[in-house]
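The values are calculated or read from the model by the stated rules, or taken from the named source; none is laboratory data. A quick note: this is a predicted structure, and the numbers were derived from the prediction, not measured. Positions of Cβ are backbone-derived with ideal geometry, glycine not excepted, and every protein chain shown enters the neighbour counts. Each accessible area value is taken on the protein alone, full model and side chains, heavy atoms only, with ligands, DNA and RNA left out. Shrake-Rupley method; radii C 1.70, N 1.55, O 1.52, S 1.80 Å.
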Amino acid sequence: MELQFKNVTKDYGNVHAVEHVTHSMGKGVYGLLGVNGAGKTTLAKIISGLYNPTQGVVLLDNAIRSSNTLVDCSMVSQAFCKYYFTLRENVAIGNLKQLENDRELLHYLGEFDFTPDENRCSLDTQLGREFDGVELSIGEWQKIALARGFIGENDFIILDEPSSSLDSSTENMMFSRFIELLDNCTGIIITHRLGIAAVADRIILLDKGQIIEDGTHDELMKKHGFYSTLFETQTSLYTQ
(Lines give C-alpha, C1' and ligand atoms only; values in the text may rest on other atoms or scores of the structure.)
Protein backbone atom coordinates (compact mmCIF):
# COMPACT_ATOMS: atom_id res chain seq x y z
CA MET A 1 0.00 0.00 0.00
CA GLU A 2 1.36 3.42 -0.96
CA LEU A 3 0.48 6.74 0.64
CA GLN A 4 1.13 9.97 -1.22
CA PHE A 5 1.01 13.60 -0.14
CA LYS A 6 0.55 16.24 -2.79
CA ASN A 7 1.14 19.81 -1.64
CA VAL A 8 -0.33 19.04 1.78
CA THR A 9 -0.75 21.89 4.28
CA LYS A 10 -2.30 21.75 7.75
CA ASP A 11 -3.16 24.99 9.52
CA TYR A 12 -3.94 25.71 13.16
CA GLY A 13 -5.50 29.14 12.90
CA ASN A 14 -2.91 31.28 11.15
CA VAL A 15 -0.06 28.87 11.84
CA HIS A 16 1.16 26.33 9.26
CA ALA A 17 1.95 23.18 11.26
CA VAL A 18 2.66 21.36 7.98
CA GLU A 19 3.27 23.33 4.81
CA HIS A 20 3.36 22.24 1.14
CA VAL A 21 4.52 18.68 1.80
CA THR A 22 4.81 16.42 -1.23
CA HIS A 23 6.07 12.91 -0.54
CA SER A 24 5.23 9.22 -0.94
CA MET A 25 5.58 6.27 1.42
CA GLY A 26 5.50 2.60 0.56
CA LYS A 27 6.65 -0.44 2.53
CA GLY A 28 9.68 0.22 4.66
CA VAL A 29 10.80 2.04 7.79
CA TYR A 30 10.84 5.83 7.81
CA GLY A 31 12.52 8.00 10.42
CA LEU A 32 10.55 11.23 10.91
CA LEU A 33 12.81 13.80 12.56
CA GLY A 34 12.81 17.44 13.57
CA VAL A 35 13.01 19.75 16.56
CA ASN A 36 9.97 20.33 18.78
CA GLY A 37 7.26 22.07 16.79
CA ALA A 38 8.64 20.97 13.42
CA GLY A 39 5.35 19.30 12.46
CA LYS A 40 6.22 15.63 13.00
CA THR A 41 3.17 14.62 15.05
CA THR A 42 0.79 16.64 12.86
CA LEU A 43 2.13 14.88 9.78
CA ALA A 44 1.77 11.50 11.53
CA LYS A 45 -1.88 12.27 12.32
CA ILE A 46 -2.50 13.18 8.69
CA ILE A 47 -0.92 9.86 7.68
CA SER A 48 -3.28 7.99 10.03
CA GLY A 49 -6.35 9.90 8.84
CA LEU A 50 -7.00 11.49 12.24
CA TYR A 51 -6.36 14.89 10.66
CA ASN A 52 -7.37 16.08 7.22
CA PRO A 53 -5.17 18.58 5.40
CA THR A 54 -6.29 22.18 5.11
CA GLN A 55 -4.96 22.19 1.56
CA GLY A 56 -3.64 19.56 -0.83
CA VAL A 57 -4.63 15.92 -1.21
CA VAL A 58 -3.68 12.58 0.28
CA LEU A 59 -3.76 9.56 -2.02
CA LEU A 60 -3.93 5.93 -0.96
CA ASP A 61 -2.83 3.57 -3.74
CA ASN A 62 -3.31 6.42 -6.25
CA ALA A 63 -6.91 7.09 -5.17
CA ILE A 64 -7.76 10.30 -3.31
CA ARG A 65 -8.45 9.47 0.31
CA SER A 66 -11.83 10.78 1.44
CA SER A 67 -12.06 13.09 4.44
CA ASN A 68 -13.73 10.45 6.63
CA THR A 69 -11.34 7.59 5.85
CA LEU A 70 -8.95 6.24 8.45
CA VAL A 71 -5.90 4.41 7.19
CA ASP A 72 -5.35 0.81 8.35
CA CYS A 73 -2.98 2.17 10.96
CA SER A 74 -1.96 1.84 14.59
CA MET A 75 -0.14 4.57 16.49
CA VAL A 76 1.91 4.20 19.67
CA SER A 77 2.43 7.59 21.27
CA GLN A 78 4.89 8.57 23.99
CA ALA A 79 1.74 9.66 25.85
CA PHE A 80 0.36 6.11 25.69
CA CYS A 81 -2.75 5.09 27.58
CA LYS A 82 -2.68 2.97 30.71
CA TYR A 83 -5.98 1.12 30.69
CA TYR A 84 -6.98 -0.14 34.11
CA PHE A 85 -8.32 -3.38 32.69
CA THR A 86 -6.80 -6.84 32.68
CA LEU A 87 -3.50 -7.39 30.89
CA ARG A 88 -5.39 -9.40 28.26
CA GLU A 89 -7.76 -6.51 27.56
CA ASN A 90 -4.93 -3.95 27.53
CA VAL A 91 -3.22 -5.72 24.64
CA ALA A 92 -6.33 -6.89 22.79
CA ILE A 93 -7.69 -3.34 22.45
CA GLY A 94 -5.30 -3.22 19.49
CA ASN A 95 -7.12 -6.14 17.85
CA LEU A 96 -10.25 -7.38 19.62
CA LYS A 97 -10.35 -10.50 17.42
CA GLN A 98 -7.41 -11.74 19.48
CA LEU A 99 -9.05 -11.18 22.88
CA GLU A 100 -9.23 -14.92 23.70
CA ASN A 101 -6.13 -15.90 21.74
CA ASP A 102 -3.61 -16.41 24.54
CA ARG A 103 -0.92 -17.52 22.11
CA GLU A 104 -1.03 -14.30 20.09
CA LEU A 105 -1.28 -12.08 23.14
CA LEU A 106 1.72 -13.73 24.76
CA HIS A 107 3.62 -13.66 21.46
CA TYR A 108 3.36 -9.89 21.10
CA LEU A 109 4.09 -9.27 24.76
CA GLY A 110 7.14 -11.47 24.37
CA GLU A 111 8.30 -9.49 21.36
CA PHE A 112 8.77 -6.57 23.73
CA ASP A 113 10.31 -8.56 26.54
CA PHE A 114 7.23 -8.54 28.77
CA THR A 115 6.76 -11.94 30.39
CA PRO A 116 3.62 -11.96 32.58
CA ASP A 117 5.02 -14.36 35.19
CA GLU A 118 8.13 -12.22 35.60
CA ASN A 119 6.02 -9.07 35.86
CA ARG A 120 3.84 -10.33 38.73
CA CYS A 121 0.73 -11.00 36.69
CA SER A 122 -1.11 -13.27 34.28
CA LEU A 123 -3.17 -12.35 31.22
CA ASP A 124 -6.27 -12.10 33.42
CA THR A 125 -4.68 -10.00 36.16
CA GLN A 126 -6.34 -6.65 36.86
CA LEU A 127 -3.89 -3.79 36.33
CA GLY A 128 -3.84 -0.52 38.23
CA ARG A 129 -3.59 0.20 41.94
CA GLU A 130 -6.79 2.27 41.80
CA PHE A 131 -8.75 -0.94 41.16
CA ASP A 132 -6.80 -3.15 43.57
CA GLY A 133 -4.76 -4.45 40.69
CA VAL A 134 -1.06 -4.85 40.01
CA GLU A 135 0.75 -1.55 39.48
CA LEU A 136 3.44 -1.60 36.82
CA SER A 137 6.39 0.64 36.11
CA ILE A 138 6.21 3.19 33.28
CA GLY A 139 8.58 1.02 31.26
CA GLU A 140 6.33 -2.02 31.72
CA TRP A 141 3.26 -0.03 30.67
CA GLN A 142 5.13 1.13 27.58
CA LYS A 143 5.95 -2.45 26.59
CA ILE A 144 2.23 -3.29 26.85
CA ALA A 145 1.39 -0.27 24.67
CA LEU A 146 3.87 -1.48 22.05
CA ALA A 147 2.38 -4.97 22.06
CA ARG A 148 -1.06 -3.37 21.64
CA GLY A 149 0.18 -1.33 18.69
CA PHE A 150 1.67 -4.27 16.82
CA ILE A 151 -0.98 -6.95 17.45
CA GLY A 152 -3.29 -5.26 14.95
CA GLU A 153 -0.88 -6.14 12.10
CA ASN A 154 -1.86 -2.97 10.26
CA ASP A 155 -0.47 -1.66 6.99
CA PHE A 156 0.88 1.44 8.75
CA ILE A 157 2.41 1.60 12.23
CA ILE A 158 3.44 4.96 13.71
CA LEU A 159 5.77 5.00 16.70
CA ASP A 160 5.99 8.44 18.36
CA GLU A 161 9.06 8.42 20.66
CA PRO A 162 8.23 4.77 21.41
CA SER A 163 11.11 4.13 23.79
CA SER A 164 10.97 7.30 25.89
CA SER A 165 10.42 5.35 29.13
CA LEU A 166 12.99 2.63 28.49
CA ASP A 167 16.63 2.41 29.50
CA SER A 168 19.25 2.54 26.73
CA SER A 169 19.97 -1.21 26.80
CA THR A 170 16.30 -2.12 26.50
CA GLU A 171 15.83 0.60 23.88
CA ASN A 172 18.50 -0.89 21.60
CA MET A 173 16.89 -4.31 21.88
CA MET A 174 13.45 -2.83 21.15
CA PHE A 175 14.54 -1.14 17.96
CA SER A 176 15.98 -4.36 16.61
CA ARG A 177 12.53 -5.87 17.21
CA PHE A 178 10.82 -2.88 15.56
CA ILE A 179 12.79 -3.39 12.36
CA GLU A 180 11.87 -7.08 12.24
CA LEU A 181 8.18 -6.49 13.00
CA LEU A 182 7.87 -3.65 10.47
CA ASP A 183 9.18 -5.84 7.66
CA ASN A 184 5.82 -6.22 5.87
CA CYS A 185 4.29 -2.80 6.46
CA THR A 186 5.04 0.91 6.45
CA GLY A 187 6.63 1.96 9.73
CA ILE A 188 7.09 5.59 10.75
CA ILE A 189 9.34 6.23 13.74
CA ILE A 190 9.18 9.73 15.23
CA THR A 191 12.23 10.29 17.38
CA HIS A 192 14.82 12.80 18.55
CA ARG A 193 17.44 10.06 18.83
CA LEU A 194 19.29 10.09 15.53
CA GLY A 195 21.23 6.91 16.25
CA ILE A 196 17.91 5.07 16.21
CA ALA A 197 16.74 6.85 13.06
CA ALA A 198 19.92 5.78 11.28
CA VAL A 199 18.57 2.22 10.96
CA ALA A 200 15.53 3.47 9.00
CA ASP A 201 15.28 2.81 5.25
CA ARG A 202 14.66 6.51 4.71
CA ILE A 203 14.89 9.63 6.86
CA ILE A 204 12.58 12.65 6.53
CA LEU A 205 13.75 15.78 8.30
CA LEU A 206 11.14 18.47 9.02
CA ASP A 207 11.61 22.08 9.98
CA LYS A 208 8.78 24.58 10.42
CA GLY A 209 6.36 22.16 8.81
CA GLN A 210 8.39 21.59 5.65
CA ILE A 211 10.60 18.73 4.49
CA ILE A 212 14.12 20.13 4.37
CA GLU A 213 16.06 16.88 3.87
CA ASP A 214 15.09 13.42 2.68
CA GLY A 215 17.23 10.36 2.05
CA THR A 216 19.05 7.44 3.61
CA HIS A 217 21.38 7.98 6.55
CA ASP A 218 24.44 7.65 4.32
CA GLU A 219 23.04 10.04 1.70
CA LEU A 220 22.24 12.70 4.28
CA MET A 221 25.62 12.36 5.99
CA LYS A 222 27.35 12.96 2.65
CA LYS A 223 25.34 16.15 2.11
CA HIS A 224 26.85 17.69 5.27
CA GLY A 225 23.58 19.48 5.93
CA PHE A 226 21.32 19.87 8.95
CA TYR A 227 20.91 16.13 9.57
CA SER A 228 24.65 15.53 9.43
CA THR A 229 25.27 18.35 11.92
CA LEU A 230 22.61 17.03 14.32
CA PHE A 231 23.91 13.47 14.07
CA GLU A 232 27.51 14.44 14.73
CA THR A 233 26.45 16.66 17.64
CA GLN A 234 24.47 13.85 19.28
CA THR A 235 27.20 11.31 18.65
CA SER A 236 29.80 13.53 20.28
CA LEU A 237 27.79 13.52 23.52
CA TYR A 238 28.37 9.76 23.84
CA THR A 239 32.03 9.76 22.82
CA GLN A 240 33.43 12.57 24.94
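Some points to look at:
- Legend: residue pairs Lys6/Lys45; Lys143/Lys222; Lys45/Lys143; Lys82/Lys208, Cα-Cα distance threshold 24 Å; pairs beyond threshold, Lys143/Lys222; Lys82/Lys208.
- Glu100 sits with roughly 140 Å² accessible to a 1.4 Å probe, with DNA, RNA and ligands left out of the calculation.
- Beta-bridge orientation, the chain: approximately 50 percent antiparallel, per DSSP, counting only bridges with both partners inside.
- Among Thr69, Thr216, Thr86, the largest mean-square fluctuation in a Gaussian network model of the chain (Cα springs under 10 Å) belongs to Thr69.
- For region 123-133, the Karplus equation 6.51 cos²θ - 1.76 cosθ + 1.60, evaluated at θ = phi - 60°, returns couplings of 4, 9, 7, 5, 9, x, 4, 4, 10, 6, x Hz by residue, with Gly and Pro reported as x.
- Whole-percent carbon and sulfur share, accessible surface of the chain, 1.4 Å: 48 percent
- Cβ-defined net charge surrounding Gly110, 15 Å radius [Lys, Arg +1; Asp, Glu -1]: -3
- Panel note: the C-alpha atoms of the chain, placed on their principal axes, show extents of 51, 50, 34 Å (largest first).
- Accessible solvent surface per residue of the chain, calculated while the other protein chains remain in place, 1.4 angstrom probe, Å²: 49 Å²
- Close amide-amide hydrogen proximity is noted between Val18 and Lys10, each under 5 Å apart and 5 or more residues distant or on a separate chain (H modeled in the peptide plane; Pro and chain starts excluded).
- Heavy-atom accessible surface of Met1, to the nearest 10 Å², is about 90 Å², with a 1.4 Å probe and all protein chains retained.
- Springs between Cα atoms under 10 Å define the GNM used for the chain, and in it the highest mean-square fluctuation of Leu159, Leu206, Leu59 occurs at Leu59.
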